[in-house]
Number of protein chains: 2
Amino acid sequence: MPTTGYDPTAVYDVIHRRRDVRGQFTGAPIPGDTLDRVLTAAHAAPSVGLSQPWDFILINDERTRRAFHAHVHRERAVFAASLDEPKAAGFGRIKIDGVLESTLSLVVTYDPRRGAPAVLGRHAIADAGLYSACLAIENLWLAATAEGLGVGWVSFYREAFVRELLAIPADVRPVAWLCLGPVTHLERAPDLERHGWAQRRPLRQAIHQERWHPDGQQ
Amino acid sequence: MPTTGYDPTAVYDVIHRRRDVRGQFTGAPIPGDTLDRVLTAAHAAPSVGLSQPWDFILINDERTRRAFHAHVHRERAVFAASLDEPKAAGFGRIKIDGVLESTLSLVVTYDPRRGAPAVLGRHAIADAGLYSACLAIENLWLAATAEGLGVGWVSFYREAFVRELLAIPADVRPVAWLCLGPVTHLERAPDLERHGWAQRRPLRQAIHQERWHPDGQQ
């Protein structure tokens, strides 16, 4: 078979080692060539109609990061207020971002104008371009993990706030605020599982044969 | 530095070797343990609030695949009709799916009810759960590539059609129809670039420093 001859071990190792990092950032520098490789990997993601609709905004500026951090913590309070006890108490113990401790903030955006109007594969599914931006994010995340870096996706924010903070045009959408940098270590289990917030479900519950089955599967 | 000691070479190799496959499927069987590893990798993706909102519908049935294939080709005609010459002529030479030739069809869905109502990290960004499903797709894609399989994402379809074809509930959203299986080879360049439909843009045009810059960068 012409498709054999590859050893997938290293890829699986990275996929399973990858974590969503909040508390383990050291703030140490990221070598420039490492960052180049990670961004090149993100940019190699599949995209609908080869539109490559993503952009990457690299943020070192402390003022920008402090402004975002303050916004995140206002949104944290909004979410906390929606919870009943004991969910609120549990949430109180969970760190939700490493914006100030991580080395770099990296915002990924989606630009629907790229390749438009005739984006091959997007006429029936407007969100297909948005999906492409997410594929780039996962490439970035795995490449960073392979380099020994940590990545944390912060989603406690309003898109309008980030758009204004970073001068993002109205027709471009911020998709993710990522924190990136060296870490002391990667935890073996997701933070939310370690804190008892949620449990991962068994894969078999996510698999359906031939068509959707109400109770999960088979 | 405690974060070194990993060799990212194999991960980059897979990220850069990965292609969106249409024409190279052989139809040969996928070993069961290979498929298990690939799905386990998809299921190990990050997700907002550890909600793991994805499901995977595995489709072997030929009748289902033929029905989808016919729908895809009706949508192909819809898109073709929107193009002017010579774009339409160029599109005519491009194969858009491997639904019938590939070994397996795999539909990834997004279920917003999973983990609801208190999904940590989703109160301000409703689409964050949808993004998670895309991260699982990229994990799946890279794992399959590492195994020597090809993956093709077909997006010439209406979500309502796929929902009805596969009995997907109204509140669950089909995100991707993927074709999966052994391939003769992976092309070195994306199909759309080989066919002169689109060119990849340089990474530097996608990088912005500190804030969005209108012309691209720096």
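The values are calculated or read from the model by the stated rules, or taken from the named source; none is laboratory data. Treat the numbers as computed from the prediction; the structure is a model and nothing was measured. We place every Cβ from the backbone using ideal geometry, glycine too, and count neighbours over all the protein chains shown. The protein model used for the area step is the full one, side chains on, heavy atoms only, and it has no ligands, DNA or RNA in it. Shrake-Rupley method; radii C 1.70, N 1.55, O 1.52, S 1.80 Å.
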Would you look at the GNM of chain A, springs on alpha carbons closer than 10 Å, and say which of A:R37, A:R63, A:R18 moves the most?
A:R63
How far apart, in nanometres, would the label points at A:S82 and A:D36 be if each is projected 7 angstrom from Cα along the Cα-to-Cβ direction?
4.3
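Grab the DSSP H runs of chain B that are 4 residues or longer, score each as -39,500 (n - 2.57), total them, divide by all residues and round the 222 nm result to the nearest 500 deg cm²/dmol. Intermediate values should be presented prior to the final figure.
On the way: 7 runs with 77 residues, N = 218.
After summing the helix terms and dividing by the residues of chain B, the value is -10500 deg cm²/dmol.
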Hey, could you get me the Stokes-Einstein D for chain A, Kirkwood radius over alpha-carbon pairs, 20 °C and 1.002 mPa s, rounded to whole µm² s⁻¹?
111
Give the Rg/Rh ratio for the range A:3-67, taking Rg as the radius of gyration of the Cα atoms and Rh as the Kirkwood radius, to two decimals.
1.04
Chain B, Gaussian network, Cα under 10 Å: of B:P117, B:P182, B:P202, the residue fluctuating most is B:P202
Relative to the other copies, what are the label-point distances for A:H16, with labels 7 Å from Cα along the C-beta vector, expressed in nm at one decimal and sorted shortest first?
2.7
Filtering trypsin sites (Lys or Arg not before Pro) in the range A:129-218 by DSSP loop and by at most 12 other Cβ atoms within 10 Å leaves A:R188
What does the charge count near B:W54 come to, summing +1 for each Lys or Arg and -1 for each Asp or Glu among other residues with Cβ under 13 Å from its Cβ?
+1
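Using Cα-Cα distances under 8 Å and only pairs 6 or more residues apart, what relative contact order does chain A have, in percent?
On the way: 325 pairs, mean separation 71.3, N = 218.
Contact order relative to length: 33 percent.
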Got the A:R63 label distances to the other copies yet, label 7 Å along Cα→Cβ, in nm, shortest first?
6.7
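Could you please state how large a percent of the accessible area of the range B:57-208 is carbon and sulfur, counting protein chains only and using a 1.4 Å probe? All intermediate terms of the calculation are to be shown ahead of the outcome.
Working: 2960 of 5620 Å².
Answer for the range B:57-208: carbon and sulfur cover 53 percent of the accessible area.
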Report, ordered by chain and residue number, the lysines lying within cross-link reach of A:K95, taken as a straight Cα distance under 18 Å and ignoring same-chain residues fewer than 8 apart.
A:K87
Determine the total buried accessible area between chain B and chain A, counting protein heavy atoms only with a 1.4 Å probe; round to the nearest 100 Å².
8600
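Suppose all protein chains stay in the model; what accessible area per residue would a 1.4 Å probe give for chain A, in Å²?
Details: 8460 Å² over 218 residues.
On a per-residue basis, 39 Å².
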Most fluctuating residue given options B:H43, B:H185, B:H16, as computed from a GNM of chain B linking Cα atoms under 10 Å
B:H16
Evaluate the Kirkwood expression for the hydrodynamic radius of the range A:42-82, namely the inverse of the mean inverse distance over all pairs of different C-alpha atoms, and round to one decimal in Å.
13.2
Taking a point 7 Å out from Cα toward Cβ as the label site, list the nm distances between A:E210 and the same residue in every other copy, smallest first.
6.1
